[in-house]
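All remarks here apply to the structure that follows.
The values are calculated or read from the model by the stated rules, or taken from the named source; none is laboratory data. Computed from a predicted model, the values in this text were never measured in an experiment. Heads up, the Cβs are rebuilt from the backbone with ideal geometry, glycines too, and the neighbour counts pull from every protein chain shown.
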Amino acid sequence: MYNIFEKPWTLLIVAIVVLLIIYIIRVFKPGKRQWWHLFIPIMIAISAFAIDTFVETDLENINSIIKSCIKASRNEDADTIDTFIASDYHDSQHQSKQEIMIYCKAIFSEPAVERFVKLNQSIELSSSNATVLIKGFLFFDKESRFYKELKPAMTIKLELGLKKYSNKKWQINRAEILEIDEQTIDWDSLLNAATWQ
């Protein structure tokens with residue numbers, strides 16, 4: 001189903017079509033001219049800008065969470081990431097929010113990430129659940145153990161599960177590592193290979 005809140009700019013197309021219709025009516029039926037007719041397409045265009053400015057969609061919320069988590073990982077800020085993790089979090093390796101946050105804080109206890117460059121992202125969205133696939137380059141901090149023991153950068157593919165809770169807030173309730181450098185991997189393999197665990 002088409003959602004005008006996800007694509008408010010289509011209202012600009014509607015405004016242009018309405019303006020053309022009004023123009024045609026004014027040309028062929030000059031007796032029907034009213035000054036207020038021109039306000040109809042203007043109001044439609046203003047509503048497009050208002051929807052885009054004041055209504056935050058689910059897709060925008062999810063993208064904001066992902067962007068904030070990427071920024072927090074660059075800043076080694078586990079507390080910010082904690083705010084986006086759901087209390088009922090679980091994945092194939094971590095059975096609770098506390099477990100994933102212990103892991104996260106262990107990684108951020110020393111320099112880790114310099115930057116993350118997103119290559120692509122796809123989002124499957126339902127009414128209260130979303131699945132996000134993210135692939136990108138992860139560049140390690142030059143002072144990090146990863147940089148010194150592994151390599152400066154790697155590609156990584158993640159799958160995030162997000163849920164919209166009763167307070168209308170989206171939070172991450174699952175995170176799975178799918179690939180590192182185009183090789184299939186999971187949490188268990190990653191944790192067994194990690195030297196910091």
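One residue alone among I51, I123, I134 is within 23 Å of K7 (Cα to Cα), under 14 Å from the mean Cα position of the chain (by Cα), buried (at least 17 other Cβ atoms within 10 Å of the Cβ) and not charged (D, E, K, R), and that residue is I134. When the range 93-128 is examined, which residues are found to be touching a residue at least 24 places away in the same chain (Cβ under 8 Å) and in contact with a Gly (Cβ under 7 Å, 6 or more places away or on another chain)? Scanning the range 93-128 gives F116, K118, L119. Among the residues of the range 42-62, those that are touching a residue at least 60 places away in the same chain (Cβ under 8 Å) and not acidic (D, E) comprise L59, N61, I62. Just one of the numbered conditions (1) loosely packed, with under 15 Cβ neighbours inside 10 Å; (2) hydrophobic (A, V, I, L, M, F, W, C); (3) farther than 25 Å from T57 by Cβ is not true of F108: (1). For the range 55-76, the tally of residues that are modelled with pLDDT under 90 and either of a type in the set (A, V, I, L, M) or closer than 18 Å to W170 by Cα (or both) stands at 6.
Kindly indicate the residue of the range 148-168 that is in contact (Cβ under 8 Å) with a residue 40 or more places away in the chain and charged (D, E, K, R) and also surrounded by the fewest Cβ atoms within 10 Å (Cβ to Cβ) among those meeting that condition. Here the answer is E149.
In the set (1) of a type outside the set (G, A, S); (2) at pLDDT 90 or above; (3) assigned to a helix (DSSP H, G or I), I51 fails one condition alone, (2).
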